[in-house]
Each structure stands twice: as C-alpha cells, then as structure tokens.
Amino acid sequence: MSANATSTSLSSNEIKSEEGLITPASNNSQQPDTEKGEVGKDDEFEVFKKTKDGVDFRTVGWFRASIIFLKVQFALGVLSIPTSMYALGALGGALSVVGWGALNTYGAIVQGSFRNRHAGCHTIADMANVVGGKWLKEICGFLFVIAYILCTGAGILGISTGINALSHHAACTVYWSVIATVAIAVGGSVRKFHTIGWITWAGFVSIFIAVLIVVIAVTTRDRPAAAPQTGAFDLGYYIIAHPTFIAGMSASATIFISSSGSSAFIPVIAEMKNPRDYRKAVYVCMAVVNAAYLSFGLVVYRWCGQWVASPSLGSAGQTIKMVAYGIGMIGLIASAVVYLHIAAKYIFVRILRNSPHLQSNSLIHWSTWLGCTFGLSFILAEAIPIFNYLLALTGSICFAPLALILPGWFWIHDHGAWRKGEVEREGESEKLGKVGRMATYWFHWVFFVLLGCFLMVAGTYATVVLIIDAYKAGTIGSAFSCADNSNSS
C-alpha cells in the first residue's frame, strides 16, 4: 500500500482495538495538537488522565524526563563502545557514533511529533496501529517488550559481572544473577516514572563517575591491564581498521543500540505534565549522551586498543575495576530497573486500558502491576551469557525496526504528499520548495526504512555467526554457568 493510500484510508477511518479507540489526526481533525500547545482537551487525548482520586501518573516535568532518557541511553552503551571501536578503528568508530547518534536523535524527534499528533498513543505499538493497523501493532508490541526484557537481561549480566569483580567471584554467578533479578524486580515495581526519576538521577551520576574513573585510569598506565606486562606487545590501535563484514556489522549494531532507545521515550511522554516539552528533554539527553560516547570511547580505545575489557569498566586493572563497579553499581541497577519498568508498563496498560483499575489502588491494579514486573529477564540473559553479543543482537532484531524503520514510516505517513513535492497540510512550511520536499521524503525512505531493514537482517546474521563461533571456541560459558564472568578470579 502506498503512503498516500495509507494516509487517506487512515484519515477517514477510525482504528479500533481492544484497548480503546485511536483516531489518527487528519487535516480537519479537531484533536488538540500538543506540538502547538493545544491542551484544552488534554484528558481526551492522553491515556492517563489527570486525577486527584486515584494514581496521577501525569507528574513528570521536562527536565526529569531528560534524566530518565539519559538513564535509558547512558549505561550499557557506553560500556560497549570501546570494544566496538577496535573492530571499526578510531575513525570508523567515531563516524559510527556521530552518525548513529544524529540519526537516532532525529528519529526520537519524529516519534515524539507523531505521538503528539495522534490521540491515545501510549507506546510505539499504538503509533504502529495508526500507520499499519492491528497486525503491525502486535508485531511492534512484541518487539518492544522483547527489546526491553533483553536490555534488562543485559543489565543483570552487568550487575553479576560487577558483583563478581567486587567479591573476586566468591560464589556462583547464577546466585548473583538471581539476587540482581530480585532487586531489579522490586525497583521496577515502582509505579510512576516520576518516582523512577529519582532512581535515574542517582544511577546516571554513579555510572558517569564510574566511567570517568576508568577513562582517567587507563591514561595513567604504561600498558593496558589485560596486555602482556613484560616484553613487546601489539596495542591494536588503528585509525582506520579493515574489519570483516561480520565483525563490522556486529560492531556497528552495538554502537547503534547505544543511542537507539528512543522508543522508551514515548511512554514517558504519556506521564509528562506537558507533552509538548518533549523536544527539550530529547535535545538535552542526546547532546550529553553523544558527547560522552565519543570522548569516552575514543580515549579508552586509544589507551587500551585490542585489550579493552567487555564491559569496559574492567579495562584499567583489578583495583580500578572494583572501584568502578562499586561506584557504578547503582547506575547498572537503575538502568535495568528502568528497562523492566518500561516493558512492564506496556503490558500493564494493555491489560487495564480503559478500565477503572488503571489509575485506582485496587487489588486488581496492584496484582496486575506486580505480575507484570516479575518476568523472563533472568532466563533470557543467562541463555546468551556474553555482554556485547547480547547488545548487538537486541539492536539488530528489535531496535532496528523500533528506532529506524517505524520512525521513517511514521514520517512518511504524515507527509505522504511530499512524495510529489506537495504541501501536506495548511500552515506547513513551503521554504523547502517542491524539490526539497521530494528529497526529504526519499531521505526518510532510504536512511530510515531501507537502512533499518538492512541493519536488521545483516546485523542479526553477523551477530548470530559470532555467537556460534564464540561458543565453538569456548570463549562463552554455557547457559546458567557458575563461571566468573568478570575475569577477577
């Protein structure tokens, strides 16, 4: 179906689902446009209503939203970028960080703008319902939940690695994973993003300081901690590397996922006091994230080369590793808490949407919510017990569609007339001209939809091949292994 046909059919028909009625905005729509600040019918437009009788979810300010966004992005990604730079080289890695960062920032803006034009969108799955109907909504919802369960699993792996480092592997790694899972489930059971915001503050500060300590520490060593401590050795630092297709795609997918969590921003908008402040929160978050990724990643790679640890907190030796994990443990826990909360909140709203129990303190409300927060993270994480491959696999299978293909589709849906260089709606800027609008239309096809499809297929293939090879080489332990995953024993 063409973009114009899709736009026409969706503008003239209401899309119904079991969660309620979603009416896409059209040129003649009377819905409040929160992008322009028309919030007079705010409660009709939003999933969560402002209330004093039950749970008021709409309490998040834009600055707190930016901190939540920061914690979604700045955690697992910063720990994996130096290793990816070894595969891509300093120049290729830097270009990858900047390029993916810019594209993911713009994709986040596209998602927020689309969400604020169309009523009843709590998650990206609801937005997929607008452009593709129920079948696309269900596929997108499945990918959304799996993505953040996998991210939670990666967080559990990071926490178990940290405890092993701090304790010199004093007990079976599975025990630490169980403890981490329980702690994350308890933290993720906090119901509101406003309250989670306090956790993300502490988490962001702790992981930032931990990474900064490692970055400074690696520059004070004569040679990397993991390198041979006597005799000549190959640092493995390259300005321009020549990776194989498999290694390059896996590294690129890992860097892509480090800033691709914008689909998690959409549920936060639903709990913002003023959804039109979303862009400010995104710009603050992404500016800090991309600057930190680029600077931290390049410094660690320059001083460690091929001897970068994974995760990179272990790159400066055992003592610094223990200090870094001790300080950064709060950040690792906070990240996993946010990821679990995001996945659980999606399922929770799907079950109780348009029910009086959604914002009440009833037994059904609490039993549903707590049931959602205790899930499959532990099993999924332990089944693929290696950090970088888990991130790359998540990026390829889940975040390529969520952060690239769907945002491109959203934009094309709302700007179908641009394919012929025409203006879509009254008041739309005509500064680009006919050729500029046509070029912009095809830009979204190529750099979002087609690039996302390529990354999903090629990235998944490359990562699966690397996982199989790593298992054969014995560099990955078995599922539910007690082995030390921190190299501290």
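The values are calculated or read from the model by the stated rules, or taken from the named source; none is laboratory data. Note that this is a predicted model, so its numbers are computed, not measured. Please note: Cβ atoms are built from the backbone with ideal geometry, for glycine as well, and neighbour counts cover all protein chains shown. In case anyone asks, the SASA skips ligands and DNA or RNA and just uses the protein heavy atoms, side chains included. Shrake-Rupley method; radii C 1.70, N 1.55, O 1.52, S 1.80 Å.
Taking every C-alpha pair closer than 8 Å and separated by at least 6 residues, the mean separation divided by the residue count of the range 74-178 gives a relative contact order of 14 percent.
Given 0.36 nm per residue, what is the gain on full extension from residue 242 to residue 223 after removing their alpha carbon distance, in nm? Write out the running numbers ahead of the final one.
Numbers: separation 19, 0.36 × 19 = 6.84 nm, distance 2.37 nm.
Contour length minus the Cα-Cα distance gives 4.5 nm.
In this calculation the C-beta distance from residue 481 to residue 102 is compared with R0 = 45 Å, giving a FRET efficiency of 0.70.
Quick one: order 126, 277, 222 from most to least accessible surface, probe 1.4 Å.
Numbers: 126 5, 277 35, 222 160 Å².
The residues order as 222, 277, 126, largest area first.
At a 1.4 Å probe radius, which order do 135, 442, 100 fall into by accessible area, largest first?
From most accessible down to least: 135, 442, 100.
Note on residue 468 and residue 434: the extension gain reaches 7.2 nm, defined as 0.36 nm multiplied by sequence separation minus the Cα-Cα distance. Once a ≥ b ≥ c are taken as the square roots of the eigenvalues of the Cα gyration tensor of the range 427-472, is the result rounded (a/c under 1.5), prolate (a/b larger than b/c) or oblate (a/b not larger than b/c)? Prolate, since a/c reaches 1.5 and a/b exceeds b/c.
Legend: calculated FRET efficiency, residue 178 to residue 366, from the Cβ-Cβ distance at R0 = 25 Å, rounded to 0.05, equals 0.55.
Placing R0 at 30 angstrom, the Cβ-Cβ distance between residue 202 and residue 142 gives a FRET efficiency of 0.40 after rounding to 0.05.
Contact order, relative form, for the range 185-324: 48 percent (alpha carbon pairs under 8 Å, 6 or more residues apart, mean separation divided by residue count).
So what's the net charge close to residue 220: Lys and Arg +1, Asp and Glu -1, counting the other residues with Cβ under 15 Å from its Cβ? Net charge in that neighbourhood comes out at +3. Under a model in which nothing but the beta-carbon of Lys, Arg (+1) and Asp, Glu (-1) is charged, the range 94-244 shows a dipole of about 460 debye around its Cα centre.
Rolling a 1.4 Å probe across all protein chains gives residue 204 an accessible area of roughly 30 Å².
Extending 7 Å from the Cα toward the beta-carbon at both residue 209 and residue 299 defines two label points whose distance is 1.6 nm.
Residue ranking by accessible heavy-atom surface, 1.4 Å probe, largest first, among 186, 299 comes out as 186, 299. When the charge dipole of the range 143-283 is built from unit charges on Cβ atoms (+1 for Lys and Arg, -1 for Asp and Glu) and taken about the Cα centre, the candidate among 204, 151, 265 whose Cα reaches farthest toward its positive end is 265.
Given a cut-off of 28 Å, name the pairs among 273/345; 134/280; 52/137; 137/431; 134/431; 49/420 whose C-alpha atoms lie farther apart than that in the structure shown. Result: 134/280; 52/137; 137/431; 134/431; 49/420 exceed 28 Å. For the range 158-174, putting each phi into the Karplus relation 6.51 cos²θ - 1.76 cosθ + 1.60 with θ = phi - 60° gives couplings of x, 5, 5, 5, x, 5, 4, 5, 6, 9, 6, 6, 6, 8, 4, 4, 4 Hz, in residue order, rounded to whole numbers and with x for Gly and Pro. Remark: the range 49-183 carries a charge dipole of roughly 480 debye about the Cα centre, counting +1 on each Lys and Arg Cβ and -1 on each Asp and Glu Cβ.
By its C-alpha gyration tensor, with a ≥ b ≥ c as the square roots of the eigenvalues, how is the range 140-212 shaped: rounded for a/c under 1.5, else prolate for a/b larger than b/c, else oblate?
Details: a/c = 1.84, a/b = 1.28, b/c = 1.43.
Oblate is the answer for the range 140-212, as a/c is 1.5 or above yet b/c matches or exceeds a/b.
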